[in-house]
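Asks: Once you've had a glance at the structure underneath, I'll fire off some questions.
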Amino acid sequence: MRRLLRHPVRLVPLGFLVAILVGTGLLMLPWATSEHRYTPFVVALFTSTSAVSVTGMAINDTPNYWNDFGLVMITVLTQLGGLGILTIAALVILVVSRQLGLRNRLLVQAETQEYGIGDVRWLLVRIAATVFVAEAVMTAVVTGRLWLAYDYPLGSALWSATFHSIQAFNNGGFTLYSDGLVAFSRDPWVALPLALGAILGGLGFPALFEAVRTWRRPARWTVATKLTIWGSFVLIGVGFGALLLAEWTNPATIGTYDAPGKALASFTQIALSRTGGFDVINIGRLHDESYPLLIVLMFIGGGSASTAGGIKVSTFFLLAFVIRAELRGEPDVTVGNRRLATASQRQALTVALLSVALVVGGTVALILLTQRVRYYAALFEVTSAFSTTGLTTGLAARLPEPGEYVLTALMYIGRIGPLTLGSAIALNTRRRLYRYPEEQPIVG
């Protein structure tokens, strides 16, 4: 343990692994299912990993397979995974002892990655307040709508709204309805709060806090915040327009809706497709041209230090600026009036290439394990699992057991991040006191 604490980054994957295993044990208990039977290990492990990694992908019919105890456990695991295991632990320590030691501050910094040591206590308070206020607002709006417009009993409306609000803000995708949120795709009082909650949760606390603090002076935002905020708007706008155009005449999705209904359903689905994971339209019956769009959006994901997965918006646009600078022959990579550090460029390239390798390897493994599966269906499921989105074409529920383990591993790696996992495994960096002669090999 002392060796682990000397390198706090090692506790990030370990903390999530422990939470997954504890959740697996609880979900295997007979009183977690509606039929009061022991859940097979692979099903419990898959569901627990999906909840802790805030993916929301399921291999069974969630509302019918799990009873109230099981659904509450999934909700708790999603909240733990969204906030972060080490962040939750530090919050508990802060509440109990009223102070954080240096070691606990280092642990939180290893997970949040964005703040200095002195900011940790105030950071934890703001994170907790933001999460619970956002979830409470969403819950209140959706509860009122279900109670007044859909004649839900007040208790049922409150439970459904609470469950889906926690899932939305934490970018999970579990739902209490077998067909997802398709029934509410044209209801702005249900669809929009959940979509906006998923967007806020997916921006990341560093970008969100800075944007709120200096909202009148966006020009003073840091490069990371600019890339995350404006990049998210670009992705949502482009994705919305492309999905609306691709599905406009598809009767299996939004083809039978009126124009406002088509716009609302498309916007909500795009907002939730980046990492949210709810089905607002029937994912398994999209036009073929819509799948590459969703795959790209899922792979990019949301903001850094957020509940979202993927390679992150800032990573994607940072690499875009690297390519732009290289094509223009510029000696430095600049965003606005800031020069990007070489270390950031290397990290972005490493994350992107490792992620591509994991998605390609997972897709190949899934094709080999599953007979007669379309390659883009396997690519869609793998990307959804790795990006912790949770959308599925229905293939996940039909996979053999080895395929379920492949998706489980991808969800775990996607939540903690390939770079964090690699750093936790390696931790052998050292500073050289010399440099080798430089050589420029031919590229391209």
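The values are calculated or read from the model by the stated rules, or taken from the named source; none is laboratory data. Since the model is a prediction, treat every value here as computed from it, not as a measurement. Methodologically, a virtual Cβ is constructed for each residue, glycine included, from the backbone with ideal geometry; neighbour enumeration extends over all protein chains shown. Accessible surface areas use protein heavy atoms only, side chains included; no ligands, DNA or RNA. Shrake-Rupley method; radii C 1.70, N 1.55, O 1.52, S 1.80 Å.
Asks: Going by amide H atoms built from the backbone, whose H comes under 5 Å of the H on Asp279, apart from near neighbours?
Replies: Leu181
Asks: Give the long-range amide H neighbours of Gly302: residues separated by 5 or more places, or on another chain, with amide H under 5 Å away, using H modelled in the peptide plane at 1.01 Å from N.
Replies: The list, which skips near neighbours in sequence, is Gly309, Lys312, Val313.
Asks: Hey, another quick one. Suppose every K and R has +1 on its Cβ and every D and E has -1 on its Cβ; what is the size of the dipole of the chain about the Cα centre, in Debye to the nearest 20? Walk me through the intermediate numbers first.
Replies: Working: 34 positive and 24 negative charges, 401 e Å.
It comes to approximately 1920 debye.
Asks: Taking H as built 1.01 Å from N, whose amide H comes closer than 5 Å to the amide H of Val335, not counting residues under 5 places away?
Replies: Excluding prolines and chain starts, which carry no amide H, the hits are Leu340.
Asks: Counting only heavy atoms of protein chains, what accessible area per residue, in Å², does the chain have with a probe of 1.4 Å? Walk me through the numbers on the way to the answer.
Replies: Details: 21470 Å² over 444 residues.
It amounts to 48 Å² per residue over the chain.
Asks: Bin width 20 Å, alpha-carbon pairs only: give the P(r) of the chain as whole percents, running from 0 to the bin holding the largest distance.
Replies: Distribution as computed: 25, 59, 16, 1 percent.
Asks: Now for a different question. Calculate one ³J(HN,Hα) per residue across the stretch 276-283 by plugging θ = phi - 60° into the Karplus curve 6.51 cos²θ - 1.76 cosθ + 1.60, and present them in order as whole Hz with x for glycine and proline.
Replies: Residue by residue, the stretch 276-283 yields x, x, 6, 8, 9, 10, 6, 5 Hz.
Asks: If you don't mind, another one. Using Cα-Cα distances under 8 Å and only pairs 6 or more residues apart, what relative contact order does the stretch 218-361 have, in percent? Let's see the in-between values first.
Replies: Working: 144 pairs, mean separation 29.2, N = 144.
Relative contact order, the stretch 218-361: 20 percent.
Asks: Specify whether the C-alpha gyration tensor of the stretch 294-404 places it in the rounded, prolate or oblate class, a ≥ b ≥ c being the square roots of the eigenvalues: rounded for a/c under 1.5, otherwise prolate if a/b is larger than b/c and oblate if not.
Replies: The shape class here is prolate.
Asks: Bin width 5 Å, origin at 0, all Cα-Cα pairs of the stretch 121-244: what percent of pairs per bin?
Replies: 2, 10, 17, 20, 18, 15, 10, 6, 2, 0
Asks: Taking the Cα centroid of the stretch 12-46 and of the stretch 279-318, what is the distance between the two, rounded to the nearest whole Å?
Replies: 27 Å
Asks: A follow-up question, please. If each of Ala136 and Leu29 carries a label point 7 Å out from its Cα toward its Cβ, how far apart are those two points in nm?
Replies: Placing both labels 7 Å beyond Cα along the Cβ direction yields 2.9 nm.
Asks: Oh, and also: Counting only other residues whose beta carbon sits under 11 Å from that of Ser50, what net charge do I get with K and R as +1, D and E as -1?
Replies: On the way: positive: Arg415; negative: Glu404.
Result for the local shell: 0.
Asks: From the helices alone, meaning DSSP H stretches of at least four residues, give me the mean residue ellipticity at 222 nm for the chain, per-run term -39500 (n - 2.57), in deg cm²/dmol to the nearest 500. Walk me through the numbers on the way to the answer.
Replies: Values: 19 runs with 280 residues, N = 444.
For the chain, the value works out to -20500 deg cm²/dmol.
Asks: Further, regarding this structure: Report the local net charge at Tyr152: Lys and Arg +1, Asp and Glu -1, summed over other residues whose C-beta lies under 15 Å from its C-beta.
Replies: Values: positive: Arg145; negative: Asp151, Asp187.
Within the 15 Å Cβ shell, the charges total -1.
Asks: Each residue of the stretch 59-64 in order: what ³J(HN,Hα) in whole Hz does its phi give by Karplus 6.51 cos²θ - 1.76 cosθ + 1.60, θ = phi - 60°, with x for Gly and Pro?
Replies: Using θ = phi - 60°, the values come out as 10, 9, 7, 3, x, 9 Hz.
Asks: Sum up the charges of everything whose Cβ sits under 14 Å from the Cβ of Thr334, counting Lys and Arg as +1 and Asp and Glu as -1, but leave Thr334 out. Before the final figure, lay out the partial values.
Replies: Numbers: positive: Lys226, Arg324, Arg328, Arg338, Arg339; negative: Glu326, Glu330, Asp332.
Net local charge, Thr334 excluded: +2.
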